[in-house]
Amino acid sequence: MKLEGASCVVTGAARGIGLAISRALVERGARVLLSDVDAEALREAVLNLGERAAGCVGNVCSPASLEAVAEAARAHGGSLRLWVNNAGMARHRPVVDYTESEIDAMLAVNLKGTILGSQVALREMRASRSGHIVNVISTASLRGIPRESVYCAAKWGVRGFTQGLREEAAPYGVRVTGLLPGGVDTAFWSGAVDRAMPVQDFLSAQDVALALVGLVEMPDHVVPQELVVRSIRDQDFAHGADE
């Protein structure tokens, strides 16, 4: 896909990975509609990105809200070419300590939000028989992790949904990609965990944004189905090197 002039939507875009993705797309000439539930942070993000960026406060758990995001994207940039389901949230603690509201929120934002966003995107894109949906998932979708069990459950669900969506979207010429970052040094961890995290060994949000741009800019007949991207210093899945 050529990003110059392309109409794009990024959810969870006011900060962190979503903001870095939005910036990378704007820098390549795309017209980007940023969406987030945090109106003030969203306003500031849009102001900093310039005229190619616009904002629409949106809740990924609400179909009506997502329809409004799509409408705003059309008004800002025309026919939708790229939709990035990035919005997510987590609470990491022993499984017996999760409250029902925490469980509901993680499943709603991470899983339901991705499904609803993908529905809106595919309805828009199948008419033009082109486009790309990217679901930002997590390496938490690859194995069960202690103290992250509910987050893992949500992300495993997103990964399975993404695989099914890919097959349904292909006949319409719409590509679907799962992007699975490992640990990323963002404010995502603030309040999500009850211990210090080795963020100095994690990816930056810009690293993830560059990976996404590379996937999207592949020729339209190429479907990059899934990409795992991790810092070489992130030892979550590896044994330490021999001394």
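All of the numbers you see were taken from the coordinates with simple rules; none came from a lab. In this text the structure is predicted, and so the values were computed from the model without any measurement. Positions of Cβ are generated from backbone atoms using ideal geometry, with glycine treated the same way; all protein chains shown enter the neighbour counts.
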Subject >> Single residue of the range 111-127 satisfying the filter (in contact with a Leu (Cβ under 8 Å, 6 or more places away or on another chain) and touching a residue at least 60 places away in the same chain (Cβ under 8 Å)) that is surrounded by the fewest Cβ atoms within 10 Å (Cβ to Cβ) >> reply: GLY117
Subject >> Neighbours by Cβ (under 6 Å, 6+ apart or cross-chain): first from the range 69-91, in contact (Cβ under 8 Å) with a residue 60 or more places away in the chain; second of a type in the set (D, E, K, R) >> reply: ALA70/GLU124; HIS76/ARG31; GLY77/ARG31; LEU80/GLU124; ARG91/GLU102
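Listed here are the residues, each with its yes/no results for (1) out of contact with any strand residue (DSSP E or B) (no Cβ under 7 Å at 6 or more places or on another chain); (2) under 23 Å from VAL229 (Cα atoms); (3) surrounded by fewer than 20 Cβ atoms within 10 Å (Cβ to Cβ); (4) not hydrophobic (A, V, I, L, M, F, W, C).
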| site | (1), (2), (3), (4) |
| --- | --- |
| ARG91 | yes, yes, no, yes |
| ALA105 | yes, no, yes, no |
| VAL109 | yes, yes, no, no |
| SER149 | yes, yes, yes, yes |
